[in-house]
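Only the coordinates and a few stated rules stand behind these numbers; no lab work does. Just so it is clear, the structure is predicted and the values come from calculations on it, not from any experiment. Reconstructed Cβ throughout: ideal geometry from the backbone, glycine too, with neighbour counts over all protein chains shown.
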Amino acid sequence: MSFDYIVVGGGISGAATAYYLQKSGAKVLLMEKGDLASGGTGKSAAIVRQHYSTPLMARLAKRSIDIFEAMPSELGASGGFAKVGYHLLLSPAMLDAAKANIEMQRQIGVRTSLLPNAEWSKLDWLNPEGVAGIVNEPDGGYADPVASVEAYVGAFERAGGTLRKKAACRALTRAGNRVTGIVTDDGDIAAGGVVNAAGPWARYLAESAGVALEMRTVREQDTVWAARGGHPIPTGSVSNGVDAIYLRPLGDGRFIIGRGFPKDYDDVDPYNYKTNADDAFVADVQSRLDKHLPGFAGAKLIASYASLYDVSADWYSYVGPRADIAGYFDFSGGSGHGFKIAPAMAQELAAWMTTGKVASDFAGLSYDRVKAGKLFKGSYGGNRG
Ligand SMILES: Cc1cc2nc3c(=O)[nH]c(=O)nc-3n(C[C@H](O)[C@H](O)[C@H](O)COP(=O)(O)OP(=O)(O)OC[C@H]3O[C@@H](n4cnc5c(N)ncnc54)[C@H](O)[C@@H]3O)c2cc1C
């Protein structure tokens, strides 16, 4: 048995890539060791925003919004995209960088602005004391990460792709300087190319074929809170850069709330880590909740949990082929912000693999940048990109 391409990992990166490869006419196998979206994707807050500090990331986020919106017609199912808007509350230290980033984003067609002070009172959920600026992005919001994966995989299978769930790829096979396929519990499978979209586990898969992949796996905790009612709460997604928390609406006054940059990152073994949140983390989030968002005073904790970030050397994904090994393609290192950009990245990766053509900025995402010392540099640090 052989395939043109094998994609390892049924998160948003692998699911979307498998779909675009299959759509191009290739014969594709998608392997997932557990259930679809059982990695970081399934636990993602899935906030969608275009506020990035490089034109590459901003254009990929913008393109992904178009893709999310077109999912019902393109994939036959919705990815749960809700264009409810996105606000970034700026601390004084963030203000100058944000202004420059907004200027850059507008040049590539992102609808975004610094909200004039006269309009701050329209945000009835905000206590603006100490807020230096507010980025307004009407086209942002959030998506449903599990529905997005299921939409891609459904369309992939209808296009003739082969899905194997609860089927681990144990290793990559290699002949000289070429990856030639994978090892499974049912035997080896050959392929013209293998995409390593195994998220936090990608390093181990790469190393099984002697391919280096520098990546941290860190534990990311999140909480779900219900506002008590009686005071306005945000209607869209919010990154509160002043108190270092992010909020994503779930409906019915409930929100996913996590800690934003800067914070400590806890390096863990992705095969063995604590999947419930720490009491100290929950208390820390709670202490930050209502400082600028009075509607969360007395909010009730509904749930808390921990999942994984796969963090690259510069917090930008590793995507594409490598110069020194044929038949091997990276798509990992989402670094805690990889959900929203994955659809556009998958589309460009599939085109790169099947046509050999790639935009020069996107080519910079190849893992080759690590050896070449050409790492990306965002203006805020961490996963703000
Ligand atoms: C708590 C949390 C909040 C987040 N919030 C946001 C956000 O608001 N916005 C945003 O854009 N991003 C966010 N992110 C980041 C984003 O969710 C991830 O970057 C993205 O979902 C990663 O997708 P992936 O497909 O690359 O990896 P994963 O979803 O981890 O998928 C990898 C898959 O590979 C499978 N796999 C691994 N090894 C093997 C193997 N050997 N054989 C077969 N299968 C294998 C795994 O089971 C897994 O399903 C968040 C992440 C977390 C954890």
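Looking across region 329-347 at every residue that is part of a helix (DSSP H, G or I) and in contact with a Leu (Cβ under 8 Å, 6 or more places away or on another chain), the one that is nearest to Trp315 (Cα to Cα) is identified as Met345.
Residues checked against (1) of a type outside the set (Val, Ile, Thr); (2) within 13 Å of the ligand (Cβ to nearest atom); (3) outside any loop (DSSP other than H, G, I, E, B):
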position	(1), (2), (3)
Gly229	yes, no, no
Pro232	yes, no, no
Ser239	yes, yes, yes
Val242	no, no, no
Arg248	yes, yes, yes
Gly258	yes, yes, yes
Phe281	yes, yes, yes
Asp284	yes, no, yes
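The number of residues in region 24-47 that are farther than 15 Å from Ala151 by Cα and among the acidic types (Asp, Glu) comes to 1. Residue count for region 282-313 under the criterion of being over 11 Å from Trp225 (Cα atoms) and of a type in the set (Phe, Trp, Tyr): the result is 2. Checking each residue in region 131-157 for being surrounded by fewer than 18 Cβ atoms within 10 Å (Cβ to Cβ), out of contact with any Gly (no Cβ under 7 Å at 6 or more places or on another chain) and in a helix (DSSP H, G or I) picks out only Glu157. Within region 21-45, the residues that satisfy the criterion of being away from the ligand (no atom under 12 Å from the Cβ) and either surrounded by 18 or more Cβ atoms within 10 Å (Cβ to Cβ) or among the hydrophobic types (A, V, I, L, M, F, W, C) (or both) are Leu21, Gln22, Lys23, Ala26, Val28. Can you find, within region 46-55, the residue that is nearest to the ligand (Cβ to nearest atom) among those that are surrounded by 20 or more Cβ atoms within 10 Å (Cβ to Cβ) and of a type outside the set (Ser, Thr, Tyr)? So the residue we want is Ile47.
Being closer than 17 Å to Ser53 by Cα, of a type outside the set (Phe, Trp, Tyr) and over 15 Å from the mean Cα position of the chain (by Cα) is the filter here; which residues of region 338-364 pass it? Selection gives Asp361, Gly364. Applying the condition of being assigned to a strand (DSSP E or B) and within 11 Å of the ligand (Cβ to nearest atom) to region 181-193 and asking which residue is nearest to Ser38 (Cα to Cα) yields Thr184.
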